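See below for the structure under consideration.
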Amino acid sequence: MMELLSCLNELDELVQNSSRVPMTRKIMVDEEKILDLLDRIRTILPEEVRKAKWVMQEREKVIEASRQEANRIIENAQKELERRVGEHEIVAKAKEMAQEIIAKAEKMSQEMRLGARDYADEVLRSLQERLEKIEREIANGRAQLENMK
């Protein structure tokens, strides 16, 4: 992410420091530098997407670990229930607690899944907006160069 931001900052700086065409809002940019920055950005983007996927996978691992913990707790509760068959209140309470744990784990799982998706979507949306801005600036720069011919 830092490398991508660095490239975007370089691109911004290149645009800001480019020579202005008198009497217009147009600038002249070094085509080779712009194309080099775009190539670097294109190289970096798959890595950013991979990182977003990694975040989602890590969240899924946490969710799975929560499920396993809930299952372990349920197994322990069931063993305890079998041991105390004659004690109806304890059995009822253990079942209630197990259901609460499952409900909490499922709720937490859903929230984490949504959070991971939202985060990945936000990262990708931000990257898309930045790239669209860069593409517009490049198109404007190229159009200006074309008009100068």
Enter the angle in degrees (range 0 to 90, nearest 10) between the Cα long axis of helix 2-16 and the first principal axis of the Cα atoms of the chain, meaning the one along which they spread out most. 30 degrees
Ellipticity estimate at 222 nm from DSSP helix runs (n ≥ 4, -39,500 (n - 2.57)) divided over the chain, nearest 500: -32000 deg cm²/dmol
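For the stretch 46-149, with only Lys/Arg (+1) and Asp/Glu (-1) charged at the beta-carbon, what is the dipole magnitude about the Cα centre, in debye rounded to 20? Show your work: numbers first, answer last.
Working: 22 positive and 23 negative charges, 46 e Å.
So the magnitude is around 220 debye.
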Around E10, with a cut-off of 10 angstrom between Cβ atoms, what is the net charge of the other residues, counting Lys and Arg +1 and Asp and Glu -1? -1
Calculate how steeply helix 88-148 sits against the longest principal axis of the alpha-carbon atoms of the chain, using the helix alpha-carbon long axis, and give the answer as 0 to 90 degrees to the nearest 10. 10 degrees
Calculate I(q)/I(0) for the chain by the Debye formula, one identical point scatterer on each C-alpha and no solvent, and give its log10 at q = 0.12, 0.13, 0.20 Å⁻¹ to two decimals. -0.68, -0.73, -1.12
Pick out, from I138, Q99, I74, the residue whose Cα sits farthest towards the positive end of the charge dipole of the stretch 42-149, with +1 on the Cβ of Lys and Arg and -1 on the Cβ of Asp and Glu. I138
What does the charge add up to near A98, with Lys and Arg as +1, Asp and Glu as -1, over the other residues with Cβ less than 14 Å from its Cβ? -1
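Each value in this text was obtained by applying a stated rule to the coordinates, not by laboratory testing. Since we're looking at a predicted model, the values are computed, not measured. Positions of Cβ are backbone-derived with ideal geometry, glycine not excepted, and every protein chain shown enters the neighbour counts.
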